[in-house]
Amino acid sequence: METAEEPMTPFGTFTAQSNKLQRQYQALLDQSTPYVTYRWVGTGVALLLFFLRVFVAQGWYIVAYALGIYLLNLFLAFLTPKFDPSSDALDTEMEDGSVGTLPTKQDEEFRPFIRRLPEFKFWHSATRAVAISFLCSWFEIFNIPVFWPVLVMYWLMLFILTMRKQIQHMIKYRYVPFTIGKARYNKNSN
């Protein structure tokens, strides 16, 4: 017995269809979660296709620059801890006189590194940005004439300065946002 209710208004039909599409999209995202390498390879291929489009068409440099700034912003959020030790230092400095660093001794409390922007959200936002940029590169309204070497040099300077600041922050508060090179412990049955 089917008791499917048909939406009576055009808005109700649109809402039902958009909800159905959102559920299907979310199901695809959920299925892709464990395939980290394949997701990033797909995003890299899409990014290369976008840059190939910009190179062949000799235009849309401002779209590429905006994409670069956005991806840099996402990357910085990915590298930054969710609970910034520099702001925690201001809160706890008066209480115990310490500078809110990560534990270095056995008796100190362990606080794991939690990212401000998790890897999946980083990938999802980056992939959407690349897709939107690729779509924008097909519309002439976004082809604003600019001298692209200035944009490249400005982006490189911005990248170097922000990454230097981020690395200094990592050194000062003693955290490493990557698992490469960290000690791994196996569970013993004893």
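The values are calculated or read from the model by the stated rules, or taken from the named source; none is laboratory data. Computed from a predicted structure; not experimentally measured. Neighbour counts run over all protein chains shown; Cβ positions are idealised from the backbone, glycine included. When the accessible area is computed, the model is the full protein with side chains, heavy atoms only, and any ligands, DNA or RNA have been set aside. Shrake-Rupley method; radii C 1.70, N 1.55, O 1.52, S 1.80 Å.
Given R₀ = 30 Å, FRET efficiency for F178-T13 by Cβ-Cβ distance, to 0.05?
So the FRET efficiency works out to roughly 0.05.
At 7 Å along Cα-to-Cβ for each site, give me the label-to-label distance between E119 and V152 in nm.
The answer from the label model is 3.2 nm.
Could you tell me which of the pairs K121/K187; K165/K187; K82/K172 are separated by over 26 angstrom between their Cα atoms in the structure shown?
In this structure, K121/K187; K165/K187 exceed 26 Å between Cα atoms.
How would L161, L74, L156 line up by accessible area, probe 1.4 Å, largest first?
Order by accessible area, largest first: L161, L156, L74.
Taking a cut-off of 15 Å, what percent of all Cα-Cα pairs in region 32-86 are separated by more than that?
65 percent
If I stretch the segment between M163 and V45 completely, what's the gain in nm (0.36 nm per residue apart, minus their alpha carbon distance), one decimal?
Separation in residues times 0.36 nm, less the Cα-Cα distance, equals 40.0 nm.
Provide the packing ranking of 22-34, 43-55, i.e. peptides ordered by the mean count of other C-beta atoms within 10 Å per residue, highest first.
43-55, 22-34
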